[in-house]
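Beneath this line is the structure, given in structure tokens, with notes to follow.
Laboratory data are not the source of any read-out in this text; all were calculated from the coordinates shown. Remember, predicted model here, so these are calculated numbers, not experimental data. Here Cβ is always computed from backbone atoms with ideal geometry, including for glycine, and neighbour counts include all displayed protein chains.
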Amino acid sequence: MVRDLDGLVARLRTLPVPRIYGTVELGAMALAAMSGAYLIWTILTPVGAFGDWKVAGARDFDPAADMAVLARFDPFNRGSDGAATNVVTALPLKLFGISLNTASGRGSAIIEVESIQSSFAVGDEVMAGVTLKTVAFDHIVLTRGGVEELLYVDQSTPAETVAPGGDAATPAAAASGGMTLDALAASVRATPRVQNGQTTGLVLSAADPAQLSAAGFQPGDIVTRVNGESVTSIEELLERAATPRTDGAAIFTIERAGQVQTVRMQVAR
């Protein structure tokens with residue numbers, strides 16, 4: 001009896017042990033076979049349309065629709081979307097300068113309000129109920145009570161005639177007599193001109209028109225340099241002018257009506 005049991009145990013030990021990974025291996029083999037079949041099908045199948053492919057028909061010409069698209073485009077007001085703003089403002093404002101900032105899509109403008117020139121950024125309130133919406137190369141768009149109005153650069157003063165082949169900076173007016181720096185500081189207001197985040201000059205407006213004219217300046221002049229050095233504030237302007245040349249004159253480089261000019265002012269002591 002014992003021998004029979006030992007023989008049965010020995011025979012059981014010789015039987016193959018079932019492998020638990022058989023199903024996983026079969027699945028991997030099936031996946032590999034499917035991948036191989038797909039690869040062969042991809043190689044043998046010619047490149048082309050799959051399914052019921054049809055050539056799309058040409059678009060019918062619709063003159064009315066095309067004219068409607070052209071009607072929405074205004075080449076003179078490309079900065080506006082939709083219907084163009086054609087109302088020119090009747091507000092007592094003058095536009096003297098525009099600074100476009102293409103990086104941010106914003107900008108600023110130098111606007112005269114009640115005989116005072118100031119710099120306004122897009123979104124600023126120019127006067128009560130009037131906001132600067134956008135700026136373009138020759139005009140700005142204002143909003144008043146939800147209505148858009150245009151204001152163009154002031155061209156009431158004709159540009160000076162420049163002889164061809166002349167110097168880049170032509171002499172403007174020169175102060176006939178000497179002027180102290182205190183008198184100059186009292187006669188002008190200077191507003192920084194900001195372009196692309198940097199101050200590139202000072203926009204002058206008249207606190208005392210007679211004194212400003214006597215110094216050789218006009219309202220709207222933009223002072224960029226004094227004695228060859230750049231200025232970014234009224235303090236720098238006075239500091240540069242306080243060290244005149246050997247002849248006792250200070251040379252101001254200005255922009256007037258789009259032209260670069262120089263103003264020579266004799267500094268009185």
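Here the range 234-269 and the range 199-221 have alpha carbon centers that stand 12 Å from each other. Legend: ranking of residues 152, 38 from fewest to most surrounding C-beta atoms inside 10 Å; resulting order 38, 152. Cβ crowding within 10 Å, taken as a proxy for footprinting-reagent exposure, orders 247, 208 from fewest neighbours to most as 247, 208. Between residue 33 and residue 233, the simple spin-label model (points 7 angstrom out along Cα→Cβ) gives 8.5 nm. Placing unit charges on the Cβ atoms of the charged side chains and taking the dipole of the range 170-266 about its Cα centre, the candidate lying farthest along the positive direction among 183, 262, 242 is 262.
Per residue, the Cα convex hull of the range 170-266 amounts to 86 Å³.
Residue 144 sits among other residues whose Cβ lies under 12 Å from its own Cβ, and their net charge, with Lys and Arg +1 and Asp and Glu -1, is -2.
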